[in-house]
1. From the residues in the stretch 7-26 that are β-branched (V, I, T) and under 8 Å from G66 (Cβ atoms), which one is surrounded by the most Cβ atoms within 10 Å (Cβ to Cβ)?
2. Of all residues in the stretch 113-170, which are of a type in the set (S, T, N, Q) and closer than 25 Å to V25 by Cβ?
3. Return the pairs, sorted by first residue and then second, in which the second residue is modelled with pLDDT under 90 and among the aromatic types (F, W, Y), the first residue lies in the stretch 87-110 and is assigned to a helix (DSSP H, G or I) and surrounded by fewer than 18 Cβ atoms within 10 Å (Cβ to Cβ), the beta carbons are less than 9 Å apart, and the residues are 6+ apart or on different chains.
4. Report yes if some residue within the stretch 70-79 is surrounded by fewer than 20 Cβ atoms within 10 Å (Cβ to Cβ), in contact (Cβ under 8 Å) with a residue 60 or more places away in the chain and among the aliphatic types (A, V, I, L, M); otherwise report no.
5. Only one of (1) within 17 Å of A127 (Cβ to Cβ); (2) surrounded by 15 or more Cβ atoms within 10 Å (Cβ to Cβ); (3) at pLDDT below 90 is not met by N33, so which one is it?
6. Would you check which residues across the stretch 30-75 are farther than 19 Å from S162 by Cβ and in contact with a strand residue (DSSP E or B) (Cβ under 8 Å, 6 or more places away or on another chain) and list them?
Amino acid sequence: MRKFGIREIVAIGIGTALFVVLTEVQIPTGIPNTSLQPRMAVLGFLAAVFGPWVGAIIGLLGHALGDAIFYGSVWWSWVFPEAVVGIAIGMFSKKFAVMEGGFDKKNIILFNIVQVIANAVAWIGLAPVLDIIVYAEPANKVFIQGVFAFIGDIVIVGVLGSLLLVAYSKVAGKSSSLKKED
């Protein structure tokens, strides 16, 4: 398990702020209350770099604050799945080897397998079920929304998240300026 220190706290602060700001950046899918959102790439990127706790907190806080600020209320049945995506991607952070400069073709493939599975669990499974249980939403509506959210998120995280990780891995692998001195 990684240490939870200043870097992780800073990542949570910056990641949550970016996530909230990017809440307003939405590309409509034609399905009500379901759009493509680049903020998911930020979540995938930071979870892959800093681990499951950082991913969980950014997903939870970022989504809850974004909902509260921009919509006036929090849709909790979609907040928790966001945290699940952050946790799942973050659980593989050491395998991705981003900080070591090792985010190569093999790790890009692994990252995308993980994020597709995480998004499937979150948006095809958890979010619709919570919508039905918590808000008594109609099943056919929420499962359609979930499928479109899943498709949008795997594209956004797959393209933007992978590009961010490749670029950052190249820089992080060469840099030693953020290491603690003994």
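1. Checking each candidate, the answer is V20.
2. Matches in the stretch 113-170: Q115, N119, Q145, S162, S169.
3. That search, which allows pairs on different chains as well, returns nothing.
4. No, there is no match, as no residue in the stretch 70-79 is surrounded by fewer than 20 Cβ atoms within 10 Å (Cβ to Cβ), in contact (Cβ under 8 Å) with a residue 60 or more places away in the chain and among the aliphatic types (A, V, I, L, M).
5. Single failed check for N33: (2).
6. S35
The values are calculated or read from the model by the stated rules, or taken from the named source; none is laboratory data. Given the structure is predicted, the values throughout are model-derived calculations rather than measurements. Note that we place each Cβ from the backbone using ideal geometry, even for glycine, and neighbour counts take in every protein chain shown.
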